[in-house]
Amino acid sequence: MKNVFVMDHPLIQHKLTLIRDKHTGSKEFREAVKELAMLMGYEATRNLPLEEIEIETPLCKTKTKVLAGRKLGIVPILRAGLGMVDGMLNLIPAAKVGHIGLYRDPETLEPVEYYCKLPADVHERDLIVLDPMLATGGSAKAAIQFIKDKGATSIKFMCLIASPEGIKVISEAHPDVEIYVAAIDERLNDHAYIVPGLGDAGDRLFGTK
Ligand SMILES: O=P(O)(O)OC[C@H]1O[C@H](OP(=O)(O)OP(=O)(O)O)[C@H](O)[C@@H]1O
Ligand SMILES: O=c1cc[nH]c(=O)[nH]1
Ligand SMILES: [Mg+2]
């Protein structure tokens, strides 16, 4: 599907298996999510623009490339998206971080907003929205819409595991948004959990279950 990039690098697939395993505890789960964010972030930032500058090596002057200086931002969807922040910041330490607090109402499955704090110049930044799970797509769809309402025009969405339904929802609602994902699983169950998935990402990251 256009605009959907499935990252099947062996290191990504290996770490994904770690976090799917129900015997993996919070510490190892957190470490693997951070590492996955870093590996995926490497790919998701592949097309950042470069510009040429002149520097001097110990031998001579030379022209060489640096990032073109376009401002970057990452926007984790709370809570579970927080687990991906440090991995991304390791790659792009100058990025500003916005936060969107959303939880999925267990009855209606609708996203409920409880927090939103974005960089003031969000409309000037290339943004990557982070959330490990894309299930019904309701949370990511709402989060991306918030950011667009604040003026953002350049948005990517990065998640670890998606359902086919979630991918469809985001592709249709936000066709301009590229989706980076480590795996697209089979389906959603009756409670809209991804199967086989990894369970509740927030609870596993923070040990709340
Ligand atoms: O695609 P959806 O059907 O909207 O589901 C995905 C959302 O559910 C999870 O968050 P959750 O509501 O469990 O909140 P949490 O991160 O605080 O645990 C997950 O991190 C996504 O944000
Ligand atoms: O499978 C799922 C679906 C929504 N949220 C999660 O954390 N996991
Ligand atoms: Mg949760």
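Miscellaneous remarks
- Note on Glu186 and Leu67: with the Förster distance fixed at 45 Å, the Cβ-Cβ geometry gives a FRET efficiency of about 0.70.
- Stretching the chain fully between Asp176 and Asp203 yields a gain of 6.6 nm (0.36 nm per residue, less the alpha carbon separation).
- Residue order by solvent-accessible surface for Phe29, Phe5 is Phe5, Phe29, largest first, with ligands and nucleic acids left out and a 1.4 Å probe.
- Segment His9-Leu109, extension gain: residue separation times 0.36 nm, minus the distance between their alpha carbons: 32.8 nm
- Calculated translational diffusion coefficient of the chain (37 °C, 0.692 mPa s; Stokes-Einstein with Kirkwood radius over alpha-carbon pairs) equals 186 µm²/s.
- Taking every protein chain into account, the accessible area of the chain amounts to 53 square angstrom per residue (probe 1.4 Å).
- Within the listed set Arg46, Arg30, Arg187, the Gaussian network model of the chain (springs between alpha-carbon atoms below 10 Å) gives the highest mean-square fluctuation for Arg46.
- Accessible area per residue (1.4 Å probe, heavy atoms of protein chains only) ranks Arg70, Arg20, Arg204 as Arg70, Arg20, Arg204, with the largest value leading.
- Ranked packing of 80-90, 9-19, 117-127, most packed first, by mean Cβ within 10 Å: 80-90, 117-127, 9-19
- Residues of segment 18-47 with amide N under 17 Å of a point placed 7 Å along Cα→Cβ from Tyr193: 19-26
- Structure-based [θ]222 nm, the chain - -39500 (n - 2.57) summed over DSSP H runs of at least 4, per residue, nearest 500: -9500 deg cm²/dmol
- Potential extension, Asp86-Lys168 segment - 0.36 nm per residue separation minus Cα distance: 26.7 nm
- Rolling a 1.4 Å probe over the protein heavy atoms leaves Glu54 with an accessible area of roughly 110 Å².
- Helix 164-173 vs. the chain, principal-axis angle (Cα, 0 to 90°, nearest 10): 60
- When only Cα pairs below 8 angstrom with a gap of at least 6 residues are kept, segment 1-156 shows a relative contact order of 19 percent.
- Whole-percent carbon and sulfur share, accessible surface of the chain, 1.4 Å: 54
- Which listed pairs, of Lys117/Lys150; Lys71/Lys150; Lys96/Lys168; Lys96/Lys156; Lys15/Lys96; Lys2/Lys156, have C-alpha distances above 18 Å, in listed order: Lys96/Lys168; Lys15/Lys96
- Mean separation of Cα contacts under 8 Å (6+ apart) over length of segment 94-180, as relative contact order %: 27
- Ordering of 60-67, 129-136 by packing [mean C-beta count within 10 Å, highest first]: 129-136, 60-67
The values are calculated or read from the model by the stated rules, or taken from the named source; none is laboratory data. The shown structure was predicted, so the numbers you read here are calculated from the model rather than taken from an experiment. All Cβ positions, glycine included, derive from the backbone under ideal geometry; neighbour counts span all protein chains shown. What goes into the accessible areas is simple: the full protein's heavy atoms, side chains included, and nothing from ligands, DNA or RNA. Shrake-Rupley method; radii C 1.70, N 1.55, O 1.52, S 1.80 Å.
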